[in-house]
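A short worksheet on the structure shown next.
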Amino acid sequence: MRSEWLCILTAVYLLIFMNGTFWDKSSVFLKGDALALFALGTGLLAGFIALTVTFSAKYVIKPVLIVVLLASVGGAWFMDRFGVIIDGEMIRNAMETNQAEAGHLITSAFILHMVLFGLLPALFIVLVDIVHRPILKKVAVNLMIILSCLVVFGLAGLSNSGSFIFNIREHRDWFRTLNPVFPMASAAGYFIGESKEQAIIVQPLGADAKVADDLIAGRRKPRVTVVVVGETARAQNFQLGGYARETNPELSKRDIVYFNNTSSCGTATAVSVPCMFSVYGRNDYSHAKALATEDLVDVLSHAGIKTEWWDNNTGDKHVADRIKKTELFKSNDPRFCDGGECLDQILVDGLDAWLEKIDGDAVLVLHQLGNHGPAYYLRYPEAYRKFMPDCRSVDFDTCTPETIANAYDNALLYTDHILSEVIDKLGTHGDRLDTAMIYMSDHGESLGENGLYLHGAPYMFAPTQQTHVPFVLWMSPGLRQSSGIDTSCLASGADAPHSHDNLFHSVLGLMQVETEVRDPALDIFSACRTGASS
């Protein structure tokens with residue numbers, strides 16, 4: 001086979017068979033405009049041919065076509081099956097995952113898909129005998145094909161430019177599903193950014209931080225706050241926010257404040273977790289900025305507050321690089337762990353012992369595994385299988401939407417128990433500690449709405465299910481009195497808009513840390529202090 005014909009055949013295969021999501025969207029957006037749809041197909045085919053023929057050179061053509069083919073087949077699986085968009089942040093999330101989490105996505109159905117649509121066509125490329133022209137003639141023929149295709153591509157675009165421009169503006173996710181063009185461009189951007197980030201030097205933040213009322217023996221009790229970072233919990237399924245099911249039966253009995261209108265910084269852990277602890281709000285945040293600047297836990301440390309991070313997820317995303325951290329998910333404790341993942345009970349198992357040793361102000365961050373999908377059924381023990389039947393598979397095609405929702409809600413029910421247990425343990429130490437718990441989920445989750453599952457959609461058009469997150473506050477009576485914080489005041493403003501932007505400044509405010517980097521306008525406690533009582 002001539003080299004250019006192999007490129008053309010590959011281009012046809014990629015455009016037609018690996019772009020189910022793109023063509024589904026195109027048929028909807030261009031409904032009733034058959035001419036525009038024909039022009040789109042013609043132009044894109046010409047563009048794909050021009051792209052593949054660019055690599056029509058000896059020793060290059062086969063490796064490049066095979067890599068592009070396999071990447072396209074893998075990308076098509078996740079886009080068509082879960083409705084995800086493979087952008088730079090999705091690639092970052094994939095690169096920072098662990099073996100156990102990745103294992104839930106590498107199902108037998110995925111492997112079969114890769115074999116049938118990826119490995120077999122790749123084997124054809126390996127075995128085919130490619131006929132190459134002499135070098136000068138090859139260059140001439142390749143240029144002729146590429147230039148001709150680019151002309152067709154341009155004319156096809158111009159012929160219906162009004163329709164295309166209108167729909168691209170109205171549906172910004174449309175061409176982000178064009179496989180493999182957008183995913184591979186995103187991957188290139190990610191790796192270029194990663195190489196630049198290697199040279200980043202962390203700059204200090206809040207070096208002036210100090211606790212406003214120094215801990216003097218007999219004057220006040222040590223203040224202790226536990227910050228629980230939730231995983232994939234969406235506010236829409238929280239009973240505290242009006243959800244019909246009892247997903248928060250235990251928290252409902254605790255004296256808490258629930259902030260019902262809270263938005264996340266991102267739609268994936270790799271974005272949201274560092275953003276939550278960053279001094280930068282969502283509008284100013286970037287991954288590079290987060291790496292270059294110390295964060296909340298560093299400022300607390302500068303103030304002399306004992307600060308630790310306990311992780312039961314895929315890591316702290318560089319937030320806790322400069323403080324003591326314990327990666328509990330690596331413990332393989334048989335009481336809680338199996339297959340490289342642990343139930344969140346492991347986070348509270350050692351909490352009493354830790355609290356007993358505390359003799360000064362302290363902040364402990366607990367990073368949950370929470371509701372991380374698609375294996376929701378592995379996130380809770382048998383005792384919390386309240387909503388039945390629940391999906392017991394990572395392959396959603398084998399489950400109904402109802403059973404998927406049941407498994408998800410069971411995992412929320414278990415989180416409700418974990419949070420309540422944290423509150424109870426903090427409460428038992430009230431005789432010598434003033435304690436609080438703050439819970440915020442990193443992002444939400446799609447459970448089939450509009451054909452979307454899981455999370456990680458680009459924020460500009462992410463559904464509210466992925467950006468509306470639960471936010472819970474509990475304070476011990478002793479802390480309320482000593483800090484002068486009026487919880488009825490907090491509750492009265494609980495329906496006002498809040499976000500991850502509030503966490504940095506509110507934790508500093510709760511711990512009464514004075515520093516130039518704390519913004520009182522973003523500290524939820526600032527307006528609700530009645531004056532401290534000694």
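The values are calculated or read from the model by the stated rules, or taken from the named source; none is laboratory data. If you're wondering where the values come from, they're calculated on a predicted model, not measured in any experiment. Methodologically, a virtual Cβ is constructed for each residue, glycine included, from the backbone with ideal geometry; neighbour enumeration extends over all protein chains shown.
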TODO: With respect to Val319, determine if the residue is modelled with pLDDT of 95 or more and in a helix (DSSP H, G or I).
DONE: no
Task: Number of the exception - Val507 against (1) surrounded by 22 or more Cβ atoms within 10 Å (Cβ to Cβ); (2) farther than 26 Å from Val297 by Cβ; (3) not charged (D, E, K, R) - done: (2)
Task: Lone qualifier among Val28, Val84, Val60 - being touching a strand residue (DSSP E or B) at 6+ places or on another chain (Cβ under 8 Å) and either within 30 Å of Asn160 (Cβ to Cβ) or without any contact (Cβ under 8 Å) to a residue 12 or more places away in the chain (or both) - done: Val84
TODO: Could you tell me whether Gly154 is at pLDDT 95 or above, crowded, with 16+ Cβ neighbours inside 10 Å and among the small types (Gly, Ala, Ser)?
DONE: no
Open item on the list: Among the residues that make up the range 483-505, is at least one of them part of a loop (DSSP other than H, G, I, E, B), polar (S, T, N, Q) and touching a residue at least 24 places away in the same chain (Cβ under 8 Å)?
Closed with: no
Open item on the list: Return the residues of the range 12-50 that are under 29 Å from Gly451 (Cβ atoms), hydrophobic (A, V, I, L, M, F, W, C) and buried (at least 19 other Cβ atoms within 10 Å of the Cβ); say none if nothing qualifies.
Closed with: Leu14, Leu15, Met18, Phe22, Phe29, Leu30, Ala36, Ala39, Leu40, Leu44, Leu45, Phe48
TODO: Only residues that are surrounded by 13 or more Cβ atoms within 10 Å (Cβ to Cβ) and either among the charged types (D, E, K, R) or not assigned by TED's automatic domain parsing to the domain that holds Thr435 (or both): list them for the range 331-351, please.
DONE: Asp333, Glu341, Asp344, Asp349
- [ ] For Arg379, indicate whether it is within 21 Å of the chain's Cα centre (by Cα), of a type in the set (Lys, Arg), within 24 Å of Ser108 (Cα to Cα) and assigned by TED's automatic domain parsing to the domain that holds Asp316.
- [x] yes
TODO: Provide a single number: the residues in the range 287-306 that are of a type in the set (S, T, N, Q) and either crowded, with 23+ Cβ neighbours inside 10 Å or free of Cβ contacts under 8 Å to residues at least 24 places away in the same chain (or both).
DONE: 1
TODO: With the condition kept exactly as written, say whether any residue in the range 20-33 is of a type in the set (A, V, I, L, M, F, W, C), in the same structural domain as Leu143 (by TED's automatic domain parsing) and under 27 Å from Asn142 (Cβ atoms).
DONE: yes
